[in-house]
Amino acid sequence: NLLEAFYRSWLSTEQAVKGKKILVTIADEAKAKLLESVKMLHDTGYMLHATRGTHEFLQQHGIASTLLYRIDEKKEPNIATVLKSKKIDLAINIPSAIPNLDATKIRRLAIDNHIPLITNAEIAAVLLRCIVEVNLKKLEPKSWQEFIG
């Protein structure tokens, strides 16, 4: 099915979500689109960390998250500290149409610290569904003979 095929292709890029700590920082125009997927994560025990706007949006919809302060705020827990110490297992950073230097720094820190990064709302929605719905044990590699046999 679509989720298994997508997840297999994503995993083949040597990326993986190794734990249950997810950073979500989503531009206003994409928040509603990702609400259901983020709620599924929360409901299955994932710990969400979010920037102020996303944190407030999640709270309004009954989804708990840990507020992370902006890089330039110099308060803890700070987004830079959390990313540099690799306390995040996946970063979802959906940028706004208006360029934002803080969002650019977040993406750079995620990449520099080898944290899987998703920057597209549609891909994020599918990947988050995969994380919750796809059974990884079923995705064990199979030989060609198993498919044609």
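The values are calculated or read from the model by the stated rules, or taken from the named source; none is laboratory data. For clarity, every value in this text was computed on a predicted model and none was experimentally measured. All Cβ positions, glycine included, derive from the backbone under ideal geometry; neighbour counts span all protein chains shown. The accessibility values were calculated without ligands, DNA or RNA, using every heavy atom of the protein model including side chains. Shrake-Rupley method; radii C 1.70, N 1.55, O 1.52, S 1.80 Å.
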Arrange the residues Met40, Met47 by how much accessible surface each exposes, largest first, with a 1.4 angstrom probe.
Met47, Met40
Convex hull volume per residue in cubic angstrom - Cα atoms of region 100-140
82 Å³
HN-Hα J couplings of region 86-91 from phi, Karplus 6.51/-1.76/1.60, θ = phi - 60°, integer Hz, Gly and Pro as x?
6, 8, 10, 9, 7, 10
Quick one: what does P(r) look like for the chain with 5 Å bins over all Cα pairs, in whole %?
2, 9, 19, 22, 20, 13, 7, 4, 2, 2, 1, 0
Report the Stokes-Einstein translational diffusion coefficient (µm² s⁻¹, integer) for region 1-87, Rh taken as the Kirkwood radius over Cα pairs, at 25 °C with viscosity 0.890 mPa s.
173 µm²/s
Charged-residue dipole, Cβ positions (Lys, Arg, Asp, Glu), the chain about Cα centre, Debye nearest 20
380 debye
Cross-link candidates for Lys87: which lysines have Cα within less than 27 Å, leaving aside residues fewer than 8 places away along the same chain?
Lys18, Lys20, Lys21, Lys31, Lys33, Lys39, Lys74, Lys75, Lys105, Lys137
Dividing the mean separation of Cα pairs under 8 Å (6+ apart) by the residue count of the chain yields a relative contact order in percent of 29 percent
